[in-house]
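Chemist: This is the structure, below, for whatever I ask next.
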Amino acid sequence: MRVLVCGMNYAPEPVGIGRYTAEMAEWLAARGHEVRVVAAPPHYPAWKVGAGYRGWAYKREMIRGVDVLRCPLWVPGNPERPTRLFHFLSFAVSSFPAVLAQAFWRPDVVFAVEPTLFCAPGALAAARLSGARAWLHVQDFEVEAFFGLGFAPGGPVKRWVAAVEGWLTRRFDTVSTISRRMSDRLSALGVDGSRAALFPNWVDTERVRPGAGGRDFRKEWGLAPGSRIVLYAGSMGRKQGLELVLEAAAAVKEECPEAVFLMVGDGSAKNDLERTAGGMGLRNVLFKPPQPEEDFPALLSSADVHLVVQKKGVADAFMPSKLTGILAAGGTAVVTADADSEPGRLAAEHPGIFLLVPPEDPASFREALRSALSGAGAGGNRVAREYAEKILSKDIVLAEFEGMLFSGKKS
């Protein structure tokens, strides 16, 4: 089968959507499928074009059996402002002719990844010209997130944009999302249930597991033998609301002096967070850059408590991708999300999988953190690990996806 993937984010981006898209493409290529990808140069989560790439040039490369065409894009200095729209638009414009040209390759499936929805017209055109099946995979509902984060006023503008979003989404033959709560959003957009599919994010449960060996981060970063590591690993942007973590670190530093808060990652808010932590005199907070992918299992295993933090208004629009690795590692986690979000559903259906607290609620967050620090122990979180093995295993999820590619049936 010939599969054309259109997605802005791709390897070697270490986290988020780019990592999942690359793993999917490489898995399909290893299974004997012909896979081509139209993507932007790597730029996330640092929000700068990666070494060896140029933001304003086309580049073709072969990565682990996948033919990848990089298309130009503009990377804003401050992606937290509405300038992110121009960031998305720049890639949509530069990739449109590249995607359209792939119609001559005659793909069987054109698989578009949202964000960004701006690329949907190009993917649809390529699919119709080649007679391919048009598939939209929604990792983030960017329209909902855009308004939820206050980048634009609601009212008539939001209704008009949502109408356009629904019209574009309904043009695809198959539309998938990564969670059941996000599937409800598809129904609200008017997508017929027969064309909706569930394609969750996954984790390599053989590689990411409790007690995974590798680098000794405690020794490498000079942490005391008895320290309790509270780990946040991932993007540091506006939607996370990581000021909450700094407030918690300040609140528990006297009662739990052995707690060390590791902030591992990059993003547009990182510099501000470092300045804030310095101004608060938080010696129990350490900032580290993103770590190589091969060291990810050891990093997760080093933590006593994991943090998954989101602001209000984005829990339905964003399913935290970092959560899959935490569950596979059998981690004790504190997750901020509304009760009616996808993480809320998981917490209700699988008691003990993690501690759920309302977003932007400092008191509840601190209480949950204290509980997690006192309860995390040897053996890890078995509820989390068992869920990852049964539901989130990479080979299980991707094998079901491959079946959907052939059959056209939803999971």
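Chemist: Which residues, counting only those in region 216-229, are more than 14 Å from Leu373 (Cβ to Cβ), without any contact (Cβ under 8 Å) to a residue 40 or more places away in the chain and touching an Asp or Glu at 6+ places or on another chain (Cβ under 9 Å)?
Modeler: Result: Ala224, single match.
Chemist: Mind listing just one residue for me: the one in region 126-142 that is surrounded by fewer than 22 Cβ atoms within 10 Å (Cβ to Cβ) and not acidic (Asp, Glu) and, of those, nearest to Ala163 (Cα to Cα)? Step through it out loud before you land on a result.
Modeler: So in region 126-142, the residues surrounded by fewer than 22 Cβ atoms within 10 Å (Cβ to Cβ) come out as 128-131, 133-134, 142.
With the extra rule that they be not acidic (Asp, Glu), the set shrinks to 128-131, 133-134.
Details: Arg128: 22, Leu129: 25, Ser130: 27, Gly131: 26, Arg133: 23, Ala134: 20 Å.
Top of the filtered list is Ala134.
Chemist: I'd like the full set of residues that are touching a residue at least 24 places away in the same chain (Cβ under 8 Å), farther than 21 Å from Pro358 by Cβ and assigned to a helix (DSSP H, G or I), limited to region 230-288.
Modeler: Lys270, Leu273, Thr276, Ala277 - these are the residues of region 230-288 that are touching a residue at least 24 places away in the same chain (Cβ under 8 Å), farther than 21 Å from Pro358 by Cβ and assigned to a helix (DSSP H, G or I).
Chemist: Now for a different question. Checking Trp167 against (1) in the same structural domain as Gly18 (by TED's automatic domain parsing); (2) surrounded by fewer than 20 Cβ atoms within 10 Å (Cβ to Cβ); (3) assigned to a loop (DSSP other than H, G, I, E, B), which test does it fail?
Modeler: (3)
Residue-by-condition table, conditions (1) surrounded by fewer than 18 Cβ atoms within 10 Å (Cβ to Cβ); (2) in contact with a Lys or Arg (Cβ under 9 Å, 6 or more places away or on another chain):
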| position | (1), (2) |
| --- | --- |
| Tyr10 | no, yes |
| Glu13 | no, yes |
| Ile17 | no, no |
| Tyr20 | no, no |
| Trp27 | no, yes |
| Glu34 | yes, yes |
| His43 | no, no |
| Tyr53 | yes, yes |
| Tyr58 | yes, yes |
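Chemist: On the given criteria, is Phe261 at pLDDT 95 or above and under 28 Å from Pro79 (Cβ atoms)? Before the answer, list the steps.
Modeler: Values: at pLDDT 95 or above: yes; under 28 Å from Pro79 (Cβ atoms): yes.
Yes; evaluated as a whole, the condition is true for this residue.
Chemist: Now a separate question. Look at Pro72 and say whether it is over 17 Å from Cys119 (Cα atoms), of a type outside the set (A, V, I, L, M, F, W, C) and in contact with a helix residue (DSSP H, G or I) (Cβ under 8 Å, 6 or more places away or on another chain).
Modeler: It is false that Pro72 is over 17 Å from Cys119 (Cα atoms), of a type outside the set (A, V, I, L, M, F, W, C) and in contact with a helix residue (DSSP H, G or I) (Cβ under 8 Å, 6 or more places away or on another chain).
Yes/no per residue for (1) modelled with pLDDT under 95; (2) not assigned by TED's automatic domain parsing to the domain that holds Leu168; (3) not in a strand (DSSP E or B):
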site: Gly32; (1), (2), (3): no, no, yes
site: Val38; (1), (2), (3): no, no, no
site: Asn78; (1), (2), (3): yes, no, yes
site: Arg81; (1), (2), (3): yes, no, yes
site: Phe86; (1), (2), (3): yes, no, yes
site: Phe96; (1), (2), (3): no, no, yes
site: Ala112; (1), (2), (3): no, no, no
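Chemist: Return the residue satisfying two criteria in turn: it lies in region 240-283 and is surrounded by 20 or more Cβ atoms within 10 Å (Cβ to Cβ) and of a type in the set (Gly, Ala, Ser), and of such residues it is farthest from the chain's Cα centre (by Cα).
Modeler: Checking each candidate, the answer is Ala259.
Chemist: I need the full set of residues from region 185-194 which are surrounded by 11 or more Cβ atoms within 10 Å (Cβ to Cβ) and in contact (Cβ under 8 Å) with a residue 60 or more places away in the chain, in order please.
Modeler: Within region 185-194, just Arg185 meets the criteria.
Chemist: Only one of these is farther than 16 Å from Ala40 by Cβ and touching a residue at least 40 places away in the same chain (Cβ under 8 Å): Leu73, Leu136. Name it.
Modeler: Step by step, each of Leu73, Leu136 is checked, and only Leu136 is farther than 16 Å from Ala40 by Cβ and touching a residue at least 40 places away in the same chain (Cβ under 8 Å).
Here is a yes/no grid of residues against (1) under 13 Å from Val285 (Cβ atoms); (2) in the same structural domain as Ala372 (by TED's automatic domain parsing); (3) among the aliphatic types (A, V, I, L, M):
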| position | (1), (2), (3) |
| --- | --- |
| Gly226 | no, yes, no |
| Tyr232 | yes, yes, no |
| Ala248 | yes, yes, yes |
| Val252 | yes, yes, yes |
| Asp272 | no, yes, no |
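Chemist: Quick one: which helices (runs of 4 or more DSSP H) lie wholly within region 316-386 and hold at least 3 residues that are closer than 20 Å to Arg180 by Cβ and modelled with pLDDT under 95?
Modeler: On the way: elements: 322-328, 342-349, 362-375.
Filter on region 316-386 gives 322-328, 342-349.
Chemist: Exactly one of these conditions fails for Ser194: (1) closer than 25 Å to Gly325 by Cα; (2) of a type in the set (Gly, Ala, Ser); (3) assigned to a helix (DSSP H, G or I). Give me its number.
Modeler: Result: Ser194 fails condition (1) only.
Chemist: Restricting to region 352-369, give me the number of residues that are surrounded by 15 or more Cβ atoms within 10 Å (Cβ to Cβ) and under 20 Å from Asp340 (Cβ atoms).
Modeler: Residues flagged as surrounded by 15 or more Cβ atoms within 10 Å (Cβ to Cβ) and under 20 Å from Asp340 (Cβ atoms) within region 352-369 amount to 11.
Chemist: Could you figure out which of (1) touching a Pro at 6+ places or on another chain (Cβ under 6 Å); (2) more than 22 Å from Glu144 (Cβ to Cβ); (3) not in a loop (DSSP other than H, G, I, E, B) isn't true of Pro42?
Modeler: Just one mismatch for Pro42, condition (3).
Chemist: Go through region 284-308 and report how many residues are touching a helix residue (DSSP H, G or I) at 6+ places or on another chain (Cβ under 8 Å), crowded, with 19+ Cβ neighbours inside 10 Å and either small (Gly, Ala, Ser) or not assigned by TED's automatic domain parsing to the domain that holds Ala368 (or both).
Modeler: 1
The values are calculated or read from the model by the stated rules, or taken from the named source; none is laboratory data. In this text the structure is predicted, and so the values were computed from the model without any measurement. Heads up, the Cβs are rebuilt from the backbone with ideal geometry, glycines too, and the neighbour counts pull from every protein chain shown.
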